[in-house]
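Peer 1: Next up is a structure, given as structure tokens.
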Amino acid sequence: MAADSQATTPDAGRSGPKHGLRIFLVWIVLAIVADLLIGLVLAPHIPPGKMSSSAEDGQQAITVMALMSAPVMVFVLVYFTYALTVWRQRDGDEDDGPPIHGHAGIQTGWIVGTSVIVLALAAFGTVELIDSHGSGGGEGPVPIWKPAATVSLTSWRPGEAIQVQVIGQQWKFTYRYPQFGGFETTQLVIPEGQWVQFNVTSIDVIHSFWAYQLSVKADANPNVNNIAFTKPTQLGQFTVRCAELCGLWHGAMFDYGRVVTVPQFRAWTAATRVFMADVTPMLPAYATTYDPTVIPAFRSGPVMKKLGLVSAGGGYYPPQDPVQP
Amino acid sequence: MSLPVRVGTLLVAFLAVVGGAIFVVIHFFLAGPPVVDYTSGVAPGQAVNVVLQEDPQNQASNHPDWVSYFVQDPKTKQWVHTLVFKVPAGARVNMTILGYDGCTPLRNPFWGKVTGTIGNSATIDGKTVRALDSWKTCSVGHTFSIPSINLNVPMGSPTTVAENNNLCGTSPCTSGPHATMKFSFIAPKTPGSYLVQCRVPCGGGYVTGFGGPMQAIGFMTGQMEVAS
């Protein structure tokens, strides 16, 4: 704005060259170069990649943001550099700078331009969230944006969303598959090309389920079912980390998941179901959340009842023993 | 006060502060529980026999009411208050764990499943088990878990009301009702420190039972150090 003001302000010492035009020309060239570099070179490598629908949407959103913000950043840098170079104080120059006057056109253009950018990004972000069914983020127990697919908790057919319950606990995620007999496992395996519904919860403190390459991230809160959706689009391995400081071994709370073909997924579920057959009946009935502080009466044996061990809450000792730090 | 005295006093005070800080760092932050070495004198390919016990309390620390593991020194056969031990990379590790603590339900019964051992099984007092129901039966005292190698073994406990009311009262325990667990696994080939933890909420009185001894290295959490 100052440059244009100066360009239109008669000033003996500084009004010669058309500063505004110069700055515009330099800016437009550099902005185009920056956007071309971002769009053609950087964009394919922007994390989290393209391993899932949500990852692709995330990468696309970040690319759009970068393409729109790069010209703004380039303008600031060009203007800053131009001002330092051209308008710096010369030796012996003790005069004040020229007065700056308002310019209704530039002010209006600035307000309109920035408003359009912000509103466009808001609209773009909202559409992206809706279009990608939450874009891999936790949507709470009643998701607004979910894929239109029939869901059964007792069986699964291709085309339906796979139900995977993510159970956070210090310091490991375990995964439960209610559509395949309700087994629980430490392995996260999902099929390519199928919608997956992650039902994320915790049985102790707050964790956060972060499947990095899938661009899925949902807080794991006790007594809350936090639902996130994604559709894996590439075979391979992805990293799962806890993204919420959850105790001494928070840093060790990570593992690796796998995206496999549908036949491989079916074979894996069948084998795991058999392998876990001896512990699956010991698990609580599948539910969206679990409360370990209460063990159902029918699940407690006589010795446990006599000993008063009818809770898995961890508070068995008298309150004064041990003393809280 | 003359200038040399002032400078000397300042120097001494500065050194005292630095020395104090170094002492605090070394004594409180860098000090850890002892490491019991199972690698010395072991030929390549030879199995090592690691012996542990878990007690309902310990008199070997300033937290006598915290449950804790102890590791037996292979040379002296003395019990060491720690849960840090060193094994050779790639070696077969034969574990014997004496469970002196009483039974407790797991927060997640899933951890009643034996995984990561040779044969995915263990023995309690000679009887082979693949899973224990810690909610229904008085059978699980703690777990011995090394998550990074998918090792999880529920530790047996005394099973009757009478036994659980007469647990060993002096640690390290040498008598009293207990269960003897045995299992084997192959140590990782990659040297490094591998987290060992318990999955029973045995930090009684702390949030979700996972504070106190559950987050104090040498009690119910520790490390298996794998040496090349």
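Peer 1: Running Debye on chain B with equal point scatterers at the Cα sites and no solvent, what base-10 log of I(q)/I(0) appears at q = 0.07, 0.09, 0.12 Å⁻¹?
Peer 2: -0.27, -0.41, -0.65
Peer 1: Still on this structure, please answer the following. So who's got an amide H within less than 5 Å of the one on A:His103, skipping anything under 5 residues away but keeping other chains? H placed 1.01 Å off N, in plane.
Peer 2: Under 5 Å from the amide H of A:His103 lies no amide H from a residue far enough along the sequence or on another chain.
Peer 1: In addition: Sequence gap at least 6, Cα distance under 8 Å: using those rules, report the relative contact order of the range B:34-227 to the nearest whole percent.
Peer 2: 27 percent
Peer 1: To the nearest 0.05, what FRET efficiency results for A:Ala43 and B:Gln46 with a Förster distance of 60 Å applied to their C-beta separation?
Peer 2: The pair A:Ala43/B:Gln46 has a calculated efficiency of 0.60.
Peer 1: What do you reckon, how do B:Ile186, A:Ile38 stack up by accessible area (1.4 Å probe), largest on top?
Peer 2: In descending accessible area the options line up as B:Ile186, A:Ile38.
Peer 1: Just to confirm my understanding: which cysteines in the protein assembly as shown have no other cysteine beta carbon less than 4.7 Å from their beta carbon?
Peer 2: A:Cys242, A:Cys246, B:Cys198, B:Cys202
Peer 1: Within the range A:15-55, whose backbone N sits under 12 Å from a point 7 Å along Cα→Cβ of A:Trp145?
Peer 2: A:54-55
Peer 1: Provide A:Tyr82, A:Tyr256 ordered by accessible surface of protein heavy atoms (probe 1.4 Å), highest first.
Peer 2: A:Tyr256, A:Tyr82
Peer 1: Also, quick follow-up: Can you spot the lysines whose alpha carbon is less than 23 Å from A:Lys146's alpha carbon? Ignore those fewer than 8 places along the same chain.
Peer 2: By straight Cα distance, A:Lys146 reaches A:Lys50, A:Lys217, A:Lys231.
Peer 1: For A:Arg157, A:Arg90, write out the residues from largest to smallest accessible area, computed with a 1.4 angstrom probe and no ligands counted.
Peer 2: A:Arg157, A:Arg90
Peer 1: Here is a follow-up. In sequence order, what are the phi-derived ³J(HN,Hα) couplings for the range B:204-220 according to the Karplus relation 6.51 cos²θ - 1.76 cosθ + 1.60 with θ = phi - 60°, rounded to whole Hz, with x for glycine and proline?
Peer 2: So the J values, rounded to whole Hz, are x, x, 9, 4, 6, x, 10, x, x, x, 6, 10, 10, 5, x, 9, 10.
Peer 1: Between A:Thr174, A:Thr272, A:Thr85, which gets the highest mean-square fluctuation from a Gaussian network model of chain A, Cα cutoff 10 Å?
Peer 2: Maximum fluctuation in the GNM of chain A, among the listed residues, is at A:Thr85.
Peer 1: What residue among A:Ser132, A:Ser152, A:Ser215 has the largest mean-square fluctuation in a Gaussian network model of chain A, using Cα springs under 10 Å?
Peer 2: A:Ser152
Peer 1: Leaving out ligands, DNA and RNA, calculate the buried accessible area for the pair A and B with a 1.4 Å probe, summed over both sides, in Å² to the nearest 100.
Peer 2: Using a 1.4 Å probe on protein heavy atoms, the buried area is about 4000 Å².
Peer 1: Okay, next question. Could you run the Karplus curve 6.51 cos²θ - 1.76 cosθ + 1.60 with θ = phi - 60° over the range A:127-140 and give me ³J(HN,Hα) per residue in whole Hz, x for Gly and Pro?
Peer 2: 4, 4, 5, 5, 4, 9, 6, x, 6, x, x, x, 10, x
Peer 1: Per 10 Å bin from zero, what fraction in whole % of the C-alpha pairs of chain A is there, up to the bin with the longest pair?
Peer 2: 5, 19, 23, 16, 12, 11, 8, 5, 2, 0, 0
Peer 1: Using every alpha carbon pair in the range B:1-73, what percent of pairs falls into each 10 Å bin from 0 up to the bin containing the largest distance?
Peer 2: Calculated P(r), rounded to whole percents: 14, 22, 21, 18, 12, 9, 3, 0.
Peer 1: Karplus couplings for the range B:96-102 from phi (6.51 cos²θ - 1.76 cosθ + 1.60, θ = phi - 60°), rounded to Hz, Gly and Pro as x?
Peer 2: 10, 10, 8, x, 8, 7, x
The values are calculated or read from the model by the stated rules, or taken from the named source; none is laboratory data. Since the structure is predicted, the reported quantities are computational estimates derived from the model, not experimental observations. Cβ: placed from backbone, ideal geometry, glycine included. Neighbour counts: every protein chain shown. Surface accessibility is based on the protein's heavy atoms, side chains included, excluding ligands, DNA and RNA. Shrake-Rupley method; radii C 1.70, N 1.55, O 1.52, S 1.80 Å.
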